[in-house]
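Structure, as structure tokens:
The values are calculated or read from the model by the stated rules, or taken from the named source; none is laboratory data. The structure presented is a predicted model; accordingly, all values stated were derived computationally and were not measured. Cβ placement follows ideal geometry from the backbone for every residue including glycine, while neighbour counts extend to all protein chains displayed.
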Amino acid sequence: MKTSKHLSILFAFLAVVGIAYGQDGTISGTVKFSGKPPDLKPFMVPAAFTGCGKEKSLERLIVSAKGGVENAVVYIDGLKRKSGGSVKGGYLIDQKDCMYHPHLLVVAHGNSFFVENSDQMFHNVHGYFEPTHATAFNIAEPVKGMKMEQSVKKPGMYEIRCDVHPWMNGYVFVAGNGYATKTDKEGEFTLSNVPPGKYKVVMWHEGWGTKLVGGRPHFSKPVEQTQEITVTSGKTTTADFTLK
Ligand SMILES: [Cu+2]
């Protein structure tokens, strides 16, 4: 009787310890711009392009009043998770007002994404695999309301451009595992359900240098930074990045 009571106490103790040690952790942090962000000029739309307005932001660097940088990709390098999850209704890039919405789409691995045209004009989504810049896909949608699905098996970064409208640019990041996200308007991000361990966290930003070549914007190289971090059970580890 006494032994079984001791055993049950022991098992209860082990259960509590097990839960504490088995818990996943979280990585969260910010991507901030140090100092005054550069004053980026919008792209002046030539008169030949009717229906797109007079100027367009290239959306290369979006910094909040507090210095947070939107649209940076943050992912854990090398860690595998079976399912990357998905979003309700699927991942979508809308071509609206001669811009890609969103500018940067992070697709959890194992998913496809949709491309829609909400404009009364021809657009296409020409995807280039980076860094080779080889064409990976090219989705033409000449008619308003068209919506097509694109599967992307190869993880990595894809630059997207419209062949008609030279300012239309964006990115699709296809995550190679279940641990990838992008920063919000305040430059904040969270990667949750991370098993305890040591990891390399990568921050990728598209870069903001632009020069016009034959009326078409060419962009400088992306900025990439890495950090070694340790995730502990049930705790949040901070990983902050700075662009300048
Ligand atoms: Cu277009």
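Tabulated data for the structure shown
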item: Breaking point among (1) in contact with a Pro (Cβ under 7 Å, 6 or more places away or on another chain); (2) over 27 Å from residue 218 (Cα atoms); (3) within 16 Å of the ligand (Cβ to nearest atom), for residue 109; result: (3)
item: Hits in the stretch 197-225 (condition: closer than 20 Å to residue 172 by Cβ and aliphatic (A, V, I, L, M)); result: 202, 203, 223
item: Test: residue in the stretch 168-188 that is among the polar types (S, T, N, Q) and loosely packed, with under 13 Cβ neighbours inside 10 Å; result: no
item: Contacts under 7 angstrom Cβ, first residue in the stretch 88-109 being in contact (Cβ under 8 Å) with a residue 12 or more places away in the chain and small (Gly, Ala, Ser), partner assigned to a strand (DSSP E or B) and buried (at least 18 other Cβ atoms within 10 Å of the Cβ), 6 or more apart; result: 90/113
item: Out of 208, 204, sole residue that is crowded, with 17+ Cβ neighbours inside 10 Å, at pLDDT 95 or above and touching an Asp or Glu at 6+ places or on another chain (Cβ under 6 Å); result: 204
item: Residue match in the stretch 124-134 (condition: in contact with a strand residue (DSSP E or B) (Cβ under 9 Å, 6 or more places away or on another chain), more than 16 Å from the ligand (Cβ to nearest atom) and over 30 Å from residue 242 (Cβ atoms)); result: yes
item: Whichever residue in the stretch 156-168 is under 15 Å from residue 138 (Cβ atoms) and part of a strand (DSSP E or B) and, among such residues, is nearest to the ligand (Cβ to nearest atom); result: 161
item: Per-region count, the stretch 63-76, residues free of Cβ contacts under 8 Å to residues at least 24 places away in the same chain and either in contact with a Lys or Arg (Cβ under 7 Å, 6 or more places away or on another chain) or surrounded by 14 or more Cβ atoms within 10 Å (Cβ to Cβ) (or both); result: 0
item: Qualifying residues in the stretch 181-193 (those that are modelled with pLDDT of 95 or more and not in a loop (DSSP other than H, G, I, E, B)) - the one nearest to residue 154 (Cα to Cα); result: 181
item: Output for the stretch 48-84, where each listed residue is more than 16 Å from the ligand (Cβ to nearest atom) and among the hydrophobic types (A, V, I, L, M, F, W, C); result: 61, 62, 63, 65, 69, 72, 73, 74, 76, 79
item: Any hit, the stretch 40-54, residues being of a type outside the set (D, E, K, R) and either in contact with a helix residue (DSSP H, G or I) (Cβ under 8 Å, 6 or more places away or on another chain) or under 24 Å from residue 186 (Cβ atoms) (or both); result: yes
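Rundown of residues vs (1) within 16 Å of the ligand (Cβ to nearest atom); (2) surrounded by 18 or more Cβ atoms within 10 Å (Cβ to Cβ); (3) closer than 21 Å to residue 71 by Cβ; (4) polar (S, T, N, Q), yes/no style:
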| position | (1), (2), (3), (4) |
| --- | --- |
| 86 | no, no, yes, yes |
| 90 | no, no, yes, no |
| 94 | yes, no, yes, no |
| 114 | no, no, yes, no |
| 139 | yes, yes, no, no |
| 151 | no, no, no, yes |
